[in-house]
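Okay, so here's the structure we're looking at.
Computed from the coordinates by the stated procedures, all read-outs in this text should not be read as laboratory data. None of the values given here were measured: they were computed from a predicted structure. Note: ideal-geometry Cβ built from the backbone for every residue, glycine included; neighbour counts use all protein chains shown.
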Amino acid sequence: MHKLLDYINTELEDLESKADRDGSLTMSEIQYADTLLHMKKNLLKSEEMSDDYSYRSYRGRKRDARGRYSAREDMTDQMRDMMKDAPDEQTRQEFQRFISKLERM
């Protein structure tokens, strides 16, 4: 993604230089600049969303010996979410017992 952003920045700088030199841009150059700016905005937004998701998803998570995020912890989080939606107290207690068992493993 960074290579694309570098390319877009270079192209925009070239267009800016041409505008300074010639005093104007053609309609197709203006449309090209508009397309480049939209693409840049979308790439940056995508990168921001990806970073935000990654941060929210893995903040405070434990890693295993190889540096990977713990699948057990993901499963435990999912079970807690399911427990909140359980239809009755007995089902919630079953979820809690299973979560406690996972945490002891």
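In the stretch 1-16, the residues that are over 18 Å from Ile30 (Cα atoms) form Cβ pairs under 8 Å with partners that are assigned to a helix (DSSP H, G or I), at six or more places apart or across chains, as follows: Met1/Leu43; Met1/Ser46; Met1/Glu47; Leu4/Met39; Leu4/Leu43; Leu5/Lys40; Leu5/Leu43; Leu5/Leu44. Summed over the stretch 22-51, residues that are more than 16 Å from Leu12 (Cβ to Cβ), in contact (Cβ under 8 Å) with a residue 12 or more places away in the chain and of a type in the set (D, E, K, R) total 1.
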